[in-house]
Each structure stands twice: as C-alpha cells, then as structure tokens.
Amino acid sequence: MSDQKVSIRFFVDLEREEAWLNRQSDRGYMLVKKRFLCYEFQKSDTKYRYHIDPCGYRKDWKSYVSFLEECQMTLVSQSMGCCYFKSRSEDNVQELYTDCQSQRSYYWRRVWLLLLLLLLSLSVIARGRGPYLCNISISMTVNTIIAVLCCLNLFKCARKIGQLSKELYE
Amino acid sequence: MTLKEYIKGGALTESTYLTLLALYTPRHGYEMMKFIKECTHGRVVLGAGTLYGAVHALEKKQLIALVSSEAADKKVYQITEAGRQVVEQELLRLKQIHALGVQIVYGGEQHE
C-alpha cells in the first residue's frame, strides 16, 4: 500500500463528511490537505477525530484558530469556508460546541453555507444546457441532485435550530 | 458566538461560573477545559469552540484578563477584580437560595 492517497468526494452534509474522515483515520489514513473536492491523505498510525467548522468568514478567525490549537485541536486544512480540525482520538476532546447557544450559531453558519451552495446550483440549472450524455444534460442533472441534497440538509439544520431554540427559551 | 452569561434574575450560567472559578489560577484554554471536566467529575464538559466564546465574552466584559503570554505563545487568562466581585455576588445568591431550600425542605416546623 502506498503512503499517500487522494480521494475525490463531494459532501453536502458536514456530519457525513466528518464521519467519513474518521473512518479513513481508523483505516490508517490521516487528512493532510483538502482542496476543492480533493482530499489528500497520508498514512499514519495515530488515530484522529475530525471536526469541521464552517468558520471561514469570521472576523476573529486568527485568534479562534490559535485558541483551538491550544486546546489540542490542530487546523489541518481550509476549504470552501470550512476549517478542518483534527484532535487525537485518545485525547478524548469531544465536540467543538457543547452548549445550546454555540450549537445554534454553528447550525446557522451551516444554513448560510447551504443557501450559498443552493443558489449556485440553482443558477446553473436556470442557465441550463451544458454537455450532454445520451441526451441528458450532465450539468443539469448534477446540479439538481446538489440542490435536492441542499434542501434536505437545510431542513435538517432548521429542525436542529428549532430544537435548540426551544431548549434555550423554554 | 457569545455565551449567555446571565440567565433571568441575574444568576450566572454554570459554564460562566465554572470558567470564572477556573481562572482564580492563571490557566490557558486546555487547562480550563480539563479543570472544569475534572472538578465536575465529567458532568460539565465544554467544547473548545464553546469555551472560546465564553472566554471571549468574559474578556470583553473585563471579568477576566490576558496575563502576559508565556514563551510558548499560549494565551493565559486570569480573573480580574471585577470578575471576583461577580463570583462573590453569585456565591451570596447561592447561599441565600440554599438556605431557603434547607429551611423549607428540612425545617418545616420552623417555617410554619
């Protein structure tokens, strides 16, 4: 087996992406870089847990990242508005966000990112055409799937936000 | 991304209270997390992102302050005089409601 591998994946759901990265780590591959849809892995004996935070656009980004690094969360990569952190699984550092309020703002940030993605895919659908395969437009099909996934995820996040708000204000 | 410090009636939230207590001794982020987890026997666990929000909000309110960073450029925080006052007030409030509880639950005859 080679020491490096590159996977091409596209995730709409951050939780699924985290779970997938964790599974890769269990198989002995740690993420070293993510660029667009490319995930670069390297062989490693240490097992890591991954945490993806859609925090790319915050003003205090620098101090946030350095604070997290002090808390044993290492920034691995940054891509499309998301930061990829890893912590050693034996350190037992749990979730990034543990109270209702911060969890709620985490889901809100996910909603904004999803809306952006939805807008993008809808704008491609609106322009239509694109390369065809057996008379089916590839760009239309792909973007319709993305749009549907975005909507499903938006519902999921909205439900979570609703639950958390209820806990906060009741 | 800020932590709600006070709930209705001026009580501190548990995470704020514990964060302030943790900083009677100068500590950096990871030490705070460990302290809070250990002294509540794992009942209260703060994630790093949540703790960042708490520390940031408390620093803004000047209840805690940055102590000169150590050589290993770790940010070490400590409670300020204003922070101590807030904790003392909270202790007084807790003492009062504790006494009230004891009086009603265990001292029924005196209460009549």
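Every number in this text was worked out from the coordinates using simple rules, so none of it is lab data. A quick note: this is a predicted structure, and the numbers were derived from the prediction, not measured. Here the Cβ positions follow ideal geometry from the backbone for every residue, glycine too, while neighbour counts run over all protein chains shown.
Miscellaneous remarks
- Each pair of Cα atoms in the range A:4-91 enters the Kirkwood radius, and Stokes-Einstein at 10 °C and 1.306 mPa s then converts it into a translational diffusion coefficient of 121 µm²/s.
- Most fluctuating residue given options A:L21, A:L114, A:L133, as computed from a GNM of chain A linking Cα atoms under 10 Å: A:L133
- Considering only alpha-carbon pairs that sit under 8 angstrom and 6 or more positions apart, the relative contact order computed for the range B:6-111 is 25 percent.
- Test item: Cα-centred dipole of the protein assembly as shown, Lys/Arg +1 and Asp/Glu -1 on Cβ, debye: 1240
- Using alpha carbons only: equivalent-ellipsoid semi-axes of the range A:106-170, gyration tensor based, whole Å: 33, 10, 6
- In the elastic network of chain A, a GNM with C-alpha springs shorter than 10 Å, the most mobile of A:I125, A:I146, A:I52 is A:I125.
- Taking only the C-alpha atoms of the protein assembly as shown, the Rg (one decimal) and the largest Cα-Cα distance, Dmax (whole number), read 23.4, 88 Å.
- Gaussian network model of chain A, springs between alpha carbon atoms under 10 Å - residue of A:S44, A:S123, A:S89 with greatest fluctuation: A:S123
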